[in-house]
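The values are calculated or read from the model by the stated rules, or taken from the named source; none is laboratory data. As the structure is a computational prediction, the values presented were derived from the model and not from experiment. Backbone-built Cβ (ideal geometry, glycine too); neighbour counts: all protein chains shown. The area values use the complete protein model at the heavy-atom level, side chains included, leaving out ligands, DNA and RNA. Shrake-Rupley method; radii C 1.70, N 1.55, O 1.52, S 1.80 Å.
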Amino acid sequence: MAKKQYAVIGMGRFGFSVANALSEMGFDVLAIDSDEQRTQAVSNIVTHAVSADSTDEEALRALGIRNFDVVVVAIGEDIQSSILTTLILKDIGVGTIIVKAQNELHGKVLNKIGADKVIYPERDMGMRVAHHLTSPNILDYIEISDDYSIVEMKASQDMVGKNLKELDVRARFGCNVMAIKRGNKMNISPYADDRLEDGDILVIVGEKRDLTKLELAYPK
Ligand code: ATP
């Protein structure tokens with residue numbers, strides 16, 4: 001299978017970081033920014049770096065943007081340019097368009113005009129940090145809808161030695177343990193009598209308020 005081709009538009013801190021990470025993973029990346037200095041700064045990191053205004057449809061077509069599998073729009077502050085760029089990419093027929101939103105309203109518009117995925121890096125990272133701060137066992141927190149999330153939680157001292165039936169997070173908190181990570185192994189269909197060991201990581205899905213109750217019940 002051919003390697004996926006990525007383009008990232010907007011080389012602010014977020015766009016730069018996405019482009020850099022993709023490049024380090026060995027993917028071909030086209031970086032686009034209207035500011036020459038910004039494209040210059042990324043030019044020896046990515047496959048191609050081009051100065052262009054992404055609200056100029058002809059410029060995007062000339063770059064062959066249609067041939068990219070995924071285009072990430074990382075224009076934050078200039079919401080109008082972000083929306084216009086997304087519209088143009090949609091019109092050109094790019095397969096997958098991922099857009100960084102500055103706020104909820106911006107995100108709503110992006111969803112309406114057909115962005116395949118809208119991301120809120122600051123909001124999501126803030127939420128993760130907050131959950132980790134209030135409950136150090138929480139390693140990751142991923143919002144999957146307005147009401148539901150997935151948490152990665154280190155087995156707390158109170159959990160170690162117990163099996164899932166004894167923990168009974170389903171009845172007590174209305175949450176489900178989807179998987180247990182142990183070292184490099186991932187048990188994706190844990191049984192009721194699977195016993196937790198020190199260092200295990202539980203992947204739990206549930207309603208946000210139920211997950212918060214669960215987090216608070218196992219503070220250490
Ligand atoms: P950060 O990711 O650093 O938090 P941000 O999301 O606020 O920042 P900006 O600082 O606005 O992003 O950076 C977005 C980048 O997008 C800038 O480098 C800017 O030059 C670039 N940019 C803005 N409008 C366009 C456009 N129409 N075409 C191409 N690049 C653009």
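Apart from one condition, D28 fits all of (1) out of contact with any helix residue (DSSP H, G or I) (no Cβ under 8 Å at 6 or more places or on another chain); (2) within 11 Å of the ligand (Cβ to nearest atom); (3) over 12 Å from I75 (Cα atoms); (4) open to solvent by less than 60 Å² (accessible area, probe 1.4 Å); the exception is (2).
Restricting the first member to segment 79-106 and to residues that are acidic (D, E), and the second to residues that are open to solvent by less than 40 Å² (accessible area, probe 1.4 Å), the beta-carbon pairs closer than 9 Å and six or more apart or on different chains are E104/Y120.
Of the residues screened, M186 is not one that is in the same structural domain as H132 (by the TED database) and either surrounded by 13 or more Cβ atoms within 10 Å (Cβ to Cβ) or touching a residue at least 60 places away in the same chain (Cβ under 8 Å) (or both). Here are Q80, Q37: which of them is within 19 Å of S17 (Cβ to Cβ), in the same structural domain as S23 (by the TED database), within 11 Å of the ligand (Cβ to nearest atom) and part of a helix (DSSP H, G or I)? After ruling out the rest, the residue left standing is Q37.
D140 meets the stated requirement of being open to solvent by less than 80 Å² (accessible area, probe 1.4 Å) and acidic (D, E). For S17, the conditions (1) closer than 17 Å to I119 by Cα; (2) open to solvent by less than 50 Å² (accessible area, probe 1.4 Å); (3) within 9 Å of the ligand (Cβ to nearest atom) are fulfilled apart from (2).
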